[in-house]
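Trainee: Let me begin by handing over the structure; questions about it come next.
No value in this document is a laboratory result; all are computed from the given coordinates. Fair warning: this is a prediction, and the values are worked out from it, not measured in the lab. Every residue, glycine as well, gets a Cβ built from its backbone with ideal geometry; the counts of neighbours run over all protein chains shown.
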């Protein structure tokens, strides 16, 4: 026993040194092989682009399979669909029939109970906006769909979590399933659902239940597993039967985490119901926005988009309020009269409205002449602004495209042209570029470590040839080696498999376009989000200012985010780029702030007492310790960027998202699923690499056990 | 091993009925223990050899061949440092942990053969347990927490409240009935834990490091409180601690564990005076001898020159109490047990005893 620590430490250093050096040799071999392949590529067509005859007809097989499935199972699914339609239509009917003040009163009562009068007031104002803009009826249709899909998602999630939480075996199956449910773009699985259930609002219900289920399952599993062993043992020693232990000990103890899951599931369900409007199902608010957007009526789409935004905020704050309430364990034993007041008031409004509705028709339907609909004013203002600043906006757009997006996609070697950069590429520039890269790499090896140099070589090579210009074999080789070296050999294999999937399904080119777009957006997010995060970590005021903005952005159904950018920059690559950044930057900000604020106080004190300047404190102490957290944020950012990428296909981005979108309009399940799985693979590989690294690093730093 | 038997042998006179009995209990962790343990146990009949074989196979032995009896109404303390297997042992007694091998008898019945329903019944009516981190339900009030075991039994709300109020009074928590655990201090939370464990009126009371999470001043208070409760209730207690001084203060008998093995079992005095090995001696070396040794252990045969006016004192009196008496009675004191003279203790004998233990440590 006594000798073991010694022998351990004696063994440790040689093996770790060996490991770091073996990494060096691996990288040397990989880079030399890559260089040879790049040199060979111009003369070997199969190296430059994946050969077309390697493509397996996986999409066709999928379609044939779907065909069979649809033929066999369609009646069953249609039946299920009809069942779902019953409560949905009933709810929509009730919501349409109820006078609007009654519905608003009920919502206000919920808001009051969840979080007090401020939220209640906000809810009333938000819902009033829907009334006076004349979007009440489509909003209520959306609400009806959401109210059916949420319980469905919660029920599904609850069941999955219950069979998963204490069984590692089931967990091994369910976790990857959840990964795919969350990362396969929603458009992609709308297709098979549509084929099975037929067109109609039920597709929205089913798709959103599937999409909203994973956050519920994940939170619930975490909640159930995190119940402290002491509490469980005390429950067992109190003589609880397994059923009692589950319902009276585990569930109440996990409640606050479960409520977080319910909040996230609610937001996901709303988001998906809105997206499902793309198949043109019913007169809901998602369809209104999409319709206006397609007709390039930006004022109208902004007004309707705001309805969705307000909807999201109201649902988010109310469910969040209930979640916080369950966390505040010490509930107040307020008098019954106080607790019942909001409900009694709401009931009074409902009764009064029902009584007077026949006489006062404006209670049921808001008269058109009372509507406030400033679409023309917005459109005119927009026209003025875009005309006035058109040259400025053109400059911004073109600089971003020519100097940033294009080099990442096609590389300096092709991006530099008289048209875009103002001069042609000369051979000496190439030599200078290579020389500069070599100098930086060598300096880095001398000053930092060989890993830095490897990074420099990869980055400069990538920027020269671009995502689409790099031979595909080299890309797969380098990316999989990164996955292997940063995480472990399993992730390396997964990466290899994922990229080969793109090759054999013939979606390589689109995948590279998506990767390029995603990479560009994520780089901006990391830089900008990191800076905002650092700022927010230093100032409580900035933090308090940023937080509600982040919350709002995160709870926003995705295509609402497109609208403002679409207004100023029209359809195209740049609008997609900005929309992705706007949505995906949030985790970078949050995790950077969280990581920096989470650095142990004692460490900061120790560093300060040694005489660290604030700058040294940030760069030498706080950032290294916060880096694992920041990487988790980066991971989330990549996930968000990929999710948004699909939606931006609506405004003309290229790549896998576009493929999915096209497949959706052709009802081509095979193509849609293949492209969808392609995106899921990119997401999952990135996730495994970043999380693997972050966890290992946190363990090394002793931040987690 | 031989010291162990000797020590418990000296106490056989005071032995009352055995409440809990542990017979060669093993708890082994690792992959496939259910197959690998019996295989190895078949090859090695000697416990020491078996332990060696298990460890060499990379299995974790949390309890190896532990045997002891807990008598009715005694405070039996299992003392050990972290990883010594003491928590495992108390969990084997309540079957929160399933022993790999061995027997646990409760009132002579085999606890390990009880099925799930029987086990739940035993836990509901015959056992109470207190946990280091309290194990309170954060969503229930003090009153609801204490009534929780009764609720699980399906008792009516009126019954639960009535019983909970009784125990609340017992542990001195009146006025906090409607508080939630988070609103209470650590000491108060543990009072709730104690009250809850007593709500079902168990006869076996298991306490797993109940005071370790409290600060020293509160810990001391709670120990006194605990002794007061025990004089009232007279439960059979198995108490786990890593604090030797706490064990000395509270125990009737102490079992010291190390690496899953029982190192020594005896009364506090026996441990201090005759530590079985260096490991135990390490704990006992700083304990003032005069507070542990009793006059009863130093009796010389009653000789003729007993001073007539010598004070008579009880045999359980410790030396720190007796020594001041020698100032006025240099001839010694008479030791007596309920009126019967047992013998004489002289200053010389006391000095000899203290000197002896001083040098041995």
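Trainee: Taking the simple approach of a point 7 Å from Cα along Cα-to-Cβ for both residue A:527 and residue A:118, what is their distance in nm?
Mentor: Calculated label separation equals 3.7 nm.
Trainee: Taking every pair of alpha-carbon atoms in segment A:111-327, what share in percent sits in each 5 Å bin, from 0 to the bin with the longest distance?
Mentor: For segment A:111-327, the pair-distance distribution reads 1, 7, 13, 15, 17, 15, 12, 9, 5, 3, 2, 1, 0, 0.
Trainee: Looking at the calculated P(r) for segment A:410-550, what percent of the C-alpha pair distances fall above 28 Å?
Mentor: Working: 3714 of 9870 pairs.
The answer is 38 percent, as a whole percent.
Trainee: To continue, here is another question. Report the percentage of all Cα-Cα pairs in segment A:110-207 whose separation exceeds 21 Å, rounded to a whole percent. Provide the component values of the computation, followed by the final result.
Mentor: Values: 2737 of 4753 pairs.
When all Cα pairs of segment A:110-207 are counted, 58 percent exceed 21 Å.
Trainee: May I ask you to compute the full-extension gain from residue B:321 to residue B:165, defined as 0.36 nm times their residue separation minus their alpha-carbon distance, rounded to one decimal in nm? Write out the running numbers ahead of the final one.
Mentor: Values: separation 156, 0.36 × 156 = 56.16 nm, distance 4.11 nm.
Between residue B:321 and residue B:165, full extension yields an extra 52.0 nm.
Trainee: How long is segment B:227-361 along each principal axis, judged by its Cα atoms, biggest number first, in Å?
Mentor: 52, 40, 22
Trainee: Just to be sure I understand: if I project the alpha-carbon convex hull of segment B:138-225 onto a plane and average over all orientations, what area do I get in nm²? Provide the component values of the computation, followed by the final result.
Mentor: Values: hull surface 23.2 nm².
The directionally averaged projection comes out at 5.8 nm².
Trainee: Per Stokes-Einstein, at 37 °C and 0.692 mPa s, what whole-number D in µm² s⁻¹ belongs to segment B:86-174, with the Kirkwood radius over Cα pairs as the hydrodynamic radius?
Mentor: Working: Rh = 14.9 Å.
So the translational diffusion coefficient is about 220 µm²/s.
Trainee: Determine the calculated [θ] at 222 nm for chain A from helices alone, applying -39500 (n - 2.57) to every DSSP H run no shorter than 4 residues and normalising by the residue count; nearest 500 deg cm²/dmol. Spell out each step's value before the answer.
Mentor: Working: 30 runs with 554 residues, N = 705.
So the calculated ellipticity at 222 nm is -26500 deg cm²/dmol.
Trainee: Quote the relative contact order of segment A:111-327 in percent (integer), defining contacts as alpha-carbon pairs under 8 Å separated by 6+ residues. Working shown, then result.
Mentor: On the way: 261 pairs, mean separation 67.4, N = 217.
Relative contact order for segment A:111-327 comes out at 31 percent.
Trainee: Moving on to the next point. Quick one: A:429, A:644, A:267, A:216, fewest Cβ neighbours within 10 Å first, how do they rank?
Mentor: Working: A:429 14, A:644 24, A:267 21, A:216 28.
So the residues, fewest neighbours to most, are A:429, A:267, A:644, A:216.
Trainee: Would you mind telling me the antiparallel percentage of the DSSP bridges in the protein assembly as shown, rounded to 5? Numbers along the way, then the final one.
Mentor: On the way: 27 of 48 bridges.
Within the protein assembly as shown, antiparallel bridges account for around 55 percent of the total.
Trainee: Moving to a separate point now. Report, in degrees rounded to the nearest 10, the 0 to 90 angle that the Cα long axis of helix A:168-183 makes with the longest principal axis of chain A.
Mentor: Helix A:168-183 and the main axis of chain A meet at about 80 degrees.
Trainee: Looking only at other chains, what is the average number of their beta-carbon atoms within 10 angstrom of each beta-carbon in A:239-247? Mind showing how you got there, number by number?
Mentor: Numbers: counts 15, 8, 5, 2, 0, 6, 1, 0, 0.
Per residue, the average neighbour count from other chains is 4.
Trainee: Each label point is 7 Å from the Cα along the Cα-to-Cβ direction; what then is the distance between the points at residue B:48 and residue B:24, in nm?
Mentor: In this crude label model, residue B:48 to residue B:24 measures out at 1.7 nm.
Trainee: Counting partner chain Cβ atoms within 10 Å of every residue's Cβ in B:129-136, what's the average? List each step's numbers first, then the result.
Mentor: On the way: counts 5, 2, 7, 1, 5, 4, 12, 3.
Across the residues of B:129-136, the mean count of other-chain Cβ atoms within 10 Å is 5.
Trainee: Need one word for segment B:123-168: rounded, prolate or oblate. Basis is the Cα gyration tensor (sqrt eigenvalues a ≥ b ≥ c); a/c below 1.5 gives rounded, then a/b vs b/c decides.
Mentor: Values: a/c = 1.71, a/b = 1.25, b/c = 1.36.
Oblate shape, in that a/c is at least 1.5 and b/c is the bigger or equal ratio.
Trainee: While we're looking at this one, here's another question. Give the Cα extents of segment A:376-465 along the principal axes, in whole Å, largest first.
Mentor: 62, 30, 18
Trainee: Any idea what diffusion coefficient segment A:533-626 gets from Stokes-Einstein, in µm²/s, Kirkwood Rh on alpha carbon pairs, 4 °C, 1.567 mPa s? All intermediate terms of the calculation are to be shown ahead of the outcome.
Mentor: On the way: Rh = 15.3 Å.
For the chosen part, D equals 85 µm²/s.
Trainee: Classify segment A:509-564 as rounded, prolate or oblate, taking a ≥ b ≥ c as the square roots of the eigenvalues of its Cα gyration tensor: rounded when a/c is under 1.5, otherwise prolate if a/b is larger than b/c and oblate if not. Walk me through the numbers before you get to the answer.
Mentor: Details: a/c = 4.16, a/b = 1.59, b/c = 2.62.
Oblate, because a/c is 1.5 or more while a/b does not exceed b/c.
Trainee: While we're here: For chain B, just the Cα atoms, rotate onto the principal axes and tell me the three extents in Å, largest first.
Mentor: Here the Cα extents, ordered largest to smallest, are 70, 60, 35 Å.
Trainee: Ok, one more. Can you compute the modelled spin-label distance between residue A:377 and residue B:103, with each label point 7 Å from Cα toward Cβ, in nm?
Mentor: Distance between label points: 9.1 nm.
Trainee: Measuring from centroid to centroid over Cα atoms, what is the spacing of segment A:85-115 and segment B:29-50 in Å?
Mentor: Their Cα centres are 65 Å away from one another.
Trainee: Taking Cα atoms, how many degrees apart are the long axis of helix A:508-538 and the longest axis of chain A, rounded to 10 and kept between 0 and 90?
Mentor: In chain A, helix A:508-538 runs at an angle near 80 degrees to the longest axis.
Trainee: Got a sec? How would A:525, A:612 order by Cβ neighbour count within 10 Å, fewest to most? Provide the component values of the computation, followed by the final result.
Mentor: Working: A:525 26, A:612 17.
So the ranking, lowest neighbour count to highest, is A:612, A:525.
Trainee: Let me ask another. Starting from the Cα of residue A:700, step 7 Å toward the Cβ, then list every residue of segment A:479-521 with an amide N under 16 Å from that point.
Mentor: A:482-489
Trainee: What's the Cα-based Rg to Rh of segment A:490-705, Rh via Kirkwood? Don't skip to the end; give the middle numbers.
Mentor: Numbers: Rg = 19.4 Å, Rh = 18.6 Å.
With Rg and the Kirkwood Rh in hand, the quotient comes to 1.04.
Trainee: Using all C-alpha to C-alpha distances in segment B:194-272, build P(r) with 5 Å bins and read off the rounded percent in each one.
Mentor: All Cα pairs considered, the percentages come to 3, 13, 25, 25, 20, 11, 4, 0.
Trainee: Over the Cα atoms of chain A, compute the convex hull volume and normalise it per residue, giving Å³.
Mentor: Values: hull volume 151.7 nm³, N = 705.
Dividing the Cα hull volume of chain A by its residue count gives 215 Å³.
Trainee: Over the whole of A:224-237, what's the average partner chain Cβ count within 10 Å per residue? Rounded to a whole number, please.
Mentor: Working: counts 0, 0, 0, 0, 5, 4, 8, 7, 2, 8, 15, 5, 8, 19.
Mean shielding count: 6.
Trainee: What fraction, in whole percent, of alpha-carbon pairs in segment A:50-139 exceed 15 Å separation?
Mentor: The calculated P(r) of segment A:50-139 puts 74 percent of pairs beyond 15 Å.
Trainee: How tilted is helix A:540-555 with respect to the longest principal axis of chain A? Cα atoms for both, answer in degrees (0 to 90, nearest 10).
Mentor: 70
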